[in-house]
């Protein structure tokens with residue numbers, strides 16, 4: 001469900017026509033629906049009511065301060081993978097005791113920042129990281145609350161680049177090694193074992209892989225309990241998919257029922273880390289057609305958004321629906337929708353049937369609220385797009401468009417030049 005719809009053939013976000021937003025902020029630009037963000041979060045939250053749990057929104061999917069502030073007000077925590085995401089979360093008002101620090105490569109300064117901030121838990125992914133966190137906590141005269149991330153070797157049946165739970169992946173520890181790591185952690189003076197963590201991948205569209213992984217991890221918890229290692233938190237990660245094209249992912253209620261049934265009477269507090277399922281369909285990227293071009297073998301629609309603005313199609317060959325901002329009665333065309341970047345990989349759609357468009361027309365790239373702006377860059381020295389949040393009949397620029405001056409901020413020319 002989302003709040004992007006047509007009225008009299010004009011696309012609106014909630015009660016604001018996209019044309020009005022474009023008149024004020026230009027293109028390309030990201031537009032988010034406050035109502036959709038709120039509805040999706042509360043729907044996911046409701047799926048786990050009745051059991052102790054904490055929703056820790058995945059910051060990597062969309063880390064805009066306004067988005068994080070909205071979720072903070074709804075009681076959300078945060079799943080982070082960097083010191084920068086920790087800083088963003090704290091700035092948005094998310095209490096540190098609701099923040100889980102995940103990620104396979106935490107730097108020492110980031111670990112110290114998280115310890116001093118008082119995060120809920122570190123999700124640890126290697127023996128060396130465990131040793132470093134124990135060392136850092138000792139130096140700061142603190143005790144680091146930790147979970148170890150187990151790799152359950154479950155195939156999530158998603159794109160290989162966003163699959164994280166198989167034994168050949170860099171994430172977590174295998175089920176044999178993780179028991180030894182827990183024994184080591186229990187013996188360290190400056191860590192406190194409080195949880196178990198796992199995450200099998202992103203854009204998962206079936207319930208079965210989640211349930212299979214949970215069964216594996218429950219066996220691990222039983223083993224740990226037999227060793228006298230008590231587990232208070234069970235971090236299930238995120239990964240529930242959304243509809244981009246023809247996918248039929250489970251509703252959060254279906255996902256919640258399956259998880260709770262598999263969980264049984266476990267006393268653990270659940271930690272859930274949804275990202276895409278909350279924000280993916282709550283945002284779009286609006287772009288303007290610059291040119292159309294007929295090629296010998298195919299046609300091209302050249303727009304002002306590019307792979308630096310939305311890299312998912314280039315990186316994953318990901319599908320994003322493309323809709324006209326103003327509907328017309330013209331015929332459809334089949335074309336590649338491409339951007340201005342000097343790379344053949346710079347496309348938003350390949351061989352796509354879309355409404356006939358001309359230079360100046362506006363297009364909406366749908367389902368761009370997750371892994372859109374957060375993965376954008378300044379490649380080809382292109383300023384990053386603004387972000388806009390709509391609330392009913394008002395819109396707010398929650399990140400300004402970068403300027404050319406922003407592109408060189410922090411750079412300097414040494415005196416010998």
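The values are calculated or read from the model by the stated rules, or taken from the named source; none is laboratory data. Worth saying up front: this structure is predicted, and the values here are computed from it rather than measured. Cβ: placed from backbone, ideal geometry, glycine included. Neighbour counts: every protein chain shown.
Tabulated data for the structure shown
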| read-out | value |
| --- | --- |
| Residue list for the stretch 379-399, restricted to those being surrounded by 13 or more Cβ atoms within 10 Å (Cβ to Cβ), under 21 Å from residue 340 (Cβ atoms) and out of contact with any strand residue (DSSP E or B) (no Cβ under 6 Å at 6 or more places or on another chain) | 379, 380, 382, 383, 384 |
| Qualifying positions in the stretch 125-147 - modelled with pLDDT of 95 or more and buried (at least 19 other Cβ atoms within 10 Å of the Cβ) | 129, 130, 133, 134, 136, 137, 144, 145, 146, 147 |
| Qualifying residue in the stretch 374-387 (condition: in the same structural domain as residue 26 (by TED's automatic domain parsing), farther than 14 Å from residue 310 by Cα, part of a strand (DSSP E or B) and in contact (Cβ under 8 Å) with a residue 12 or more places away in the chain) | no |
| Criterion (crowded, with 18+ Cβ neighbours inside 10 Å and not in a helix (DSSP H, G or I)) met by exactly one of 259, 221, 231 | 231 |
| Test: residue 106 is buried (at least 17 other Cβ atoms within 10 Å of the Cβ), assigned to a loop (DSSP other than H, G, I, E, B) and modelled with pLDDT of 95 or more | yes |
| Of all residues in the stretch 190-211 being part of a helix (DSSP H, G or I) and touching a strand residue (DSSP E or B) at 6+ places or on another chain (Cβ under 9 Å), the one that is farthest from residue 271 (Cα to Cα) | 209 |
| Filtered residues of the stretch 346-364 (kept if in contact (Cβ under 8 Å) with a residue 40 or more places away in the chain and in contact with a helix residue (DSSP H, G or I) (Cβ under 9 Å, 6 or more places away or on another chain)) | 346, 347, 348, 362, 364 |
| Evaluation of residue 251 against (1) in contact with a helix residue (DSSP H, G or I) (Cβ under 9 Å, 6 or more places away or on another chain); (2) within 29 Å of residue 191 (Cβ to Cβ) (one fails), failing number | (2) |
| Boolean, residue 22 is assigned by TED's automatic domain parsing to the domain that holds residue 325, surrounded by fewer than 23 Cβ atoms within 10 Å (Cβ to Cβ), more than 20 Å from the chain's Cα centre (by Cα) and in contact (Cβ under 8 Å) with a residue 24 or more places away in the chain | yes |
| Filtered residue count, the stretch 275-297, keeping only those that are out of contact with any strand residue (DSSP E or B) (no Cβ under 6 Å at 6 or more places or on another chain) and either surrounded by 24 or more Cβ atoms within 10 Å (Cβ to Cβ) or in contact (Cβ under 8 Å) with a residue 40 or more places away in the chain (or both) | 5 |
| So residue 207, is it assigned by TED's automatic domain parsing to the domain that holds residue 99, touching a helix residue (DSSP H, G or I) at 6+ places or on another chain (Cβ under 6 Å), farther than 30 Å from residue 115 by Cα and free of Cβ contacts under 8 Å to residues at least 60 places away in the same chain | yes |
| Residue selected from the stretch 79-89 under the condition under 18 Å from residue 398 (Cβ atoms) and buried (at least 17 other Cβ atoms within 10 Å of the Cβ), by the criterion nearest to the chain's Cα centre (by Cα) | 85 |
| Check on residue 122, under 20 Å from the mean Cα position of the chain (by Cα), part of a helix (DSSP H, G or I) and not assigned by TED's automatic domain parsing to the domain that holds residue 399 | no |
| Single match in 51, 16 (criterion: touching a strand residue (DSSP E or B) at 6+ places or on another chain (Cβ under 8 Å), surrounded by fewer than 22 Cβ atoms within 10 Å (Cβ to Cβ) and not assigned by TED's automatic domain parsing to the domain that holds residue 383) | 51 |
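Yes/no per residue for (1) farther than 21 Å from residue 399 by Cα; (2) in contact with a strand residue (DSSP E or B) (Cβ under 7 Å, 6 or more places away or on another chain):
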site: 33; (1), (2): no, yes
site: 37; (1), (2): no, no
site: 42; (1), (2): yes, no
site: 55; (1), (2): yes, yes
site: 60; (1), (2): no, no
site: 64; (1), (2): no, yes
site: 74; (1), (2): yes, no
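Conditions (1) under 20 Å from residue 271 (Cβ atoms); (2) at pLDDT 85 or above, marked per residue:
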residue	(1), (2)
116	no, yes
119	yes, yes
159	no, no
166	no, no
172	yes, no
188	no, yes
